[in-house]
1. Treating only the Cβ atoms of Lys and Arg (+1) and Asp and Glu (-1) as charged, compute the dipole magnitude of the range 234-386 about its Cα centre; round to the nearest 20 debye.
2. May I ask for the net charge around THR12, where only other residues with Cβ less than 15 Å from the Cβ of THR12 are counted and Lys, Arg are +1 while Asp, Glu are -1?
3. Which of the aspartates and glutamates could a cross-linker span from LYS436 if the Cα-Cα distance has to be under 20 Å and same-chain partners fewer than 8 positions apart are dropped?
4. Over every pair of different alpha-carbon atoms in the range 109-220, take the mean of 1/r and invert it; report that Kirkwood radius in Å.
5. Taking a cut-off of 23 Å, what percent of all Cα-Cα pairs in the range 357-452 are separated by more than that?
6. Largest first and in whole Å, give the semi-axes of the range 1-128's equivalent ellipsoid, each being the square root of 5 times a Cα gyration tensor eigenvalue.
7. I'd like to compare 25-32, 270-277: which one has the highest average count of other Cβ atoms within 10 Å, and what's the full order after that?
8. Indicate the helices, whole DSSP H runs only, in the chain that combine a mean Kyte-Doolittle hydropathy of 0.0 or more with a Cα extent along their long axis of 30 angstrom or more.
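We did not get these values from a lab; they are worked out from the coordinates using the rules stated. A quick note: this is a predicted structure, and the numbers were derived from the prediction, not measured. Here the Cβ positions follow ideal geometry from the backbone for every residue, glycine too, while neighbour counts run over all protein chains shown.
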Amino acid sequence: VPLATELLAQITEVVGSEHVLEGDDLTAGFSVDWTGRYRGHTPAVVRPGDIDEVAAVLALCAEHGTPVVPQGGNTGLVGGGVPLGGEVVLSLRRLTSLAPVDTAARAVTAGAGVTIGELQRHAAAAGLEYAVDLASRDSATVGGTVATNAGGLRVVRFGATRAQLLGIEAVLSDGRVLRHLGGLTKDNTGYDLAGLLCGSEGTLAVVTAARLRLVAPRPQRTTALVAFASIGDAIDAAGAWAGAVEGVEAIEFMVSDGVGLVADRLGLARLVAAPAHLLVEAAGSADPTDALAAVVASTPGVLDVAVGRSAGQRERLWRYREGHTEAINQLGPPHKLDVTLPHDRLADFIDAVPSAVEALRPGASVWLFGHAGDGNVHVNVTGVAPDDPVVDDVVLHLVADLGGSISAEHGIGTAKRPWLGLNRSPEELSAFAAIKGALDQAGILNPNVLLP
Ligand code: MLT
Ligand code: ZN
């Protein structure tokens, strides 16, 4: 749908012509999601440079009834940040302001367009750390990770993005600004709007800045890559280690097909052959190696252990886990089913998924990995057409039948939208609709995601 000439002229006046991108050559990178599964089309990508410009652009779009998709680093995995219905893309990447770290409060205020990598380096320069970490750290942004309540690799110790959020600044669809960035430790003054906007996936307001908690550094760090005799042994160990390893920051799960694929595709050395591996990392002010080794040594089913202590050694071990997303994508656009199970159903689920998928789509490949410490499995399926819903349907029903969540950390986006009712009651969904109506009064924000 072409944009009304008048609206385009008004937006251009606000942000400047160099920040309104038009035509497929310039907008293509903003119109397809990271997985390649979701491809849309936009009449214009608008790149405001500050919150006043965000507010003015939204007010204009509201006046014209023109739908808008907010976008950060475009590293989402559920099609939640791309213009599937021909919406205007509002890219927040130019909002890169980064206040000095408040070391006494252990917090920082960051603009929506700051990447997680930049935020981590900024915190480290002040002797602190930002606890959320994920493989897409150098593209994923503060705004995007807040809007999607991103999880990542350290949730087992520090929680997901919502647990870091002390305050928020956001613009409503009619251009009004919500700003609550004081970041007081105790601030019990009613509705938690920051918590509500976190995970709202761009449907309620456009996040422009966040006040984020920082944590003390843990300078002594050890990573172990542990091979197991069976998937069940690895899952049992993940459950036990979450409580038993002091300073545990990550417990990540992989199976033999996945580590083989990553080694082949990324040119890494082959690991010891084993049905499953766990990558466990512990950190603290004292060296955690001996305590970690003692726990691993007393764990049933361990076949082999590789330990990394220096940054280089640890990074080499992490490559096997972080490389999964990239290696799988080389096989074609995957279906990404990011789910959590109660710990005691995890092994049953992992056992059941491949045959459930193959029974319906014999040519499909199932890749299983994830954050075992959080009960979070990433079921990736390749060899299935992007718009084929059959595999998603069978896996998500299996999750719900076992008492799990159909989205652990990636969000609902467009990918899981038809199945939200598996986890949310009609009463909850009507509360969602009421909140949507109250905050997005213009009804223009991210119309193709989250709400059924
Ligand atoms: C990861 O943990 O690597 C991503 O969240 C999962 C994925 O790419 O499916
Ligand atoms: Zn993940």
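1. The calculation lands at about 460 debye.
2. -4
3. LYS436 reaches GLU63, GLU87, GLU169, ASP174, ASP192, GLU201, GLU427, GLU428.
4. Hydrodynamic radius (Kirkwood, Cα pairs) of the range 109-220 is 14.1 Å.
5. 34
6. They are 30, 18, 11 Å, listed from largest to smallest.
7. My ranking of the peptides, most packed first, is 270-277, 25-32.
8. None pass (Cα extent of 30 Å or more, hydropathy at least 0.0).
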